[in-house]
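K.L.:
Just dropping this structure here.
A short reminder: the numbers here are calculations on the coordinates, not readings from a lab. Quick caveat: nothing in here was measured; it's all calculated off a predicted structure. No Cβ is skipped: glycine too gets one built from the backbone with ideal geometry, and neighbour counts run over all protein chains shown.
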Amino acid sequence: MNLKEAEEFCIRWLSAWTGNQPEHLISFYAKDAFYSDPTAKKGFQGHGKILPYFRILLRNNPDWKWTHEEIFPNEKGFLLKWKAIIPTKEKNIIEYGMDIVEVIDGKITRNEVYFDTRSLISKR
């Protein structure tokens, strides 16, 4: 994937994380994709496992916004440095993190999310 393709993909994919539309978000993932993040360290394999998790995650965070800060394309997809603005009861939390994203035929086959969750845990 080249930089332009990765940027265009990220704009569409990251916007799908906002607005509590898990069925739209899962459409970016291959049927047998692997997904993990700091609260799901062992991860989930396949739509049947990922979608229920996305439903909870997006329902609890309908107004968060994700943007790409920097993209590093590679032969399997890209590494993504991102910024998230996460509304809480007290204030907006701004988080930065990194994803490993592998893509085949326009669908994510592997998505590993890495960031420090301490500020989220202390503010929720």
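K.L.:
Amide H of R110: which non-local residues (sequence gap of 5 or more, or other chain) have their own amide H closer than 5 Å, using H built in the peptide plane?
P.N.:
The list, which skips near neighbours in sequence, is F34, E102.
K.L.:
What order do you get for S36, S15 when you list them from fewest to most C-beta neighbours inside 10 Å?
P.N.:
S15, S36
K.L.:
Right, another one. Convert each backbone phi in the stretch 94-108 into a coupling constant with the Karplus relation 6.51 cos²θ - 1.76 cosθ + 1.60 (shift: θ = phi - 60°), then list the ³J(HN,Hα) values in order as whole Hz, x for Gly and Pro.
P.N.:
9, 10, 10, x, 9, 10, 9, 10, 10, 10, 10, 6, x, 10, 6
K.L.:
Out of the stretch 80-113, which trypsin sites (Lys or Arg not before Pro) are coil in DSSP terms and have no more than 10 other C-beta atoms within 10 Å?
P.N.:
K89, K91
K.L.:
Then there is this: Tilt of helix 47-60 relative to the longest C-alpha principal axis of the chain, in degrees (0 to 90, nearest 10)?
P.N.:
With rounding to tens, the tilt is 30 degrees.
K.L.:
Relative contact order of the chain, please, whole-number percent, based on alpha carbon pairs below 8 angstrom and at least 6 residues apart.
P.N.:
Averaging sequence separation for qualifying contacts and normalising by length gives 26 percent for the chain.
K.L.:
State log₁₀ I(q)/I(0) for the stretch 1-53 at q = 0.26, 0.29, 0.31 Å⁻¹ as given by the Debye formula over alpha-carbon point scatterers of equal weight, solvent excluded.
P.N.:
Cα-only, vacuum Debye calculation for the stretch 1-53: -1.08, -1.13, -1.15.
K.L.:
For the chain, modelled as a GNM with alpha-carbon contacts under 10 angstrom, which of E102, E75, E112 fluctuates the most?
P.N.:
Top of the fluctuation ranking is E75.
K.L.:
Let me ask something else about it. Quick check: the angle from helix 3-15's long axis to the longest principal axis of the chain, C-alpha only, nearest 10 degrees?
P.N.:
So the helix axis and the longest Cα principal axis differ by about 40 degrees.
K.L.:
Moving on to the next point. Going by amide H atoms built from the backbone, whose H comes under 5 Å of the H on W64, apart from near neighbours?
P.N.:
The answer is G19.
K.L.:
Per-residue ellipticity at 222 nm for the chain, helices alone: DSSP H runs ≥ 4 residues times -39500 (n - 2.57), over residue total, nearest 500 deg cm²/dmol?
P.N.:
The helix-only estimate for the chain comes to -9000 deg cm²/dmol at 222 nm.
K.L.:
Among DSSP bridges having both ends in the stretch 1-119, what percentage is antiparallel? Round to the nearest 5.
P.N.:
If we restrict to bridges inside the stretch 1-119, about 90 percent are antiparallel.
K.L.:
A follow-up question, please. If you average over every viewing direction, what projected area does the convex hull of the Cα atoms of the stretch 3-123 give, in nm²?
P.N.:
6.8 nm²
K.L.:
Here's another thing I want to ask about it. Suppose R0 equals 30 Å; then what is the FRET efficiency for R118 and K76 from their Cβ-Cβ distance, rounded to the nearest 0.05?
P.N.:
Efficiency for this residue pair is about 0.50.
K.L.:
Could you line up D99, D37 from fewest to most neighbouring Cβ atoms inside 10 Å?
P.N.:
D37, D99
K.L.:
Next up: What's the exposure ranking of L25, L51, going from fewest to most Cβ atoms within 10 Å?
P.N.:
If I rank by nearby Cβ atoms, fewest first, I get L51, L25.
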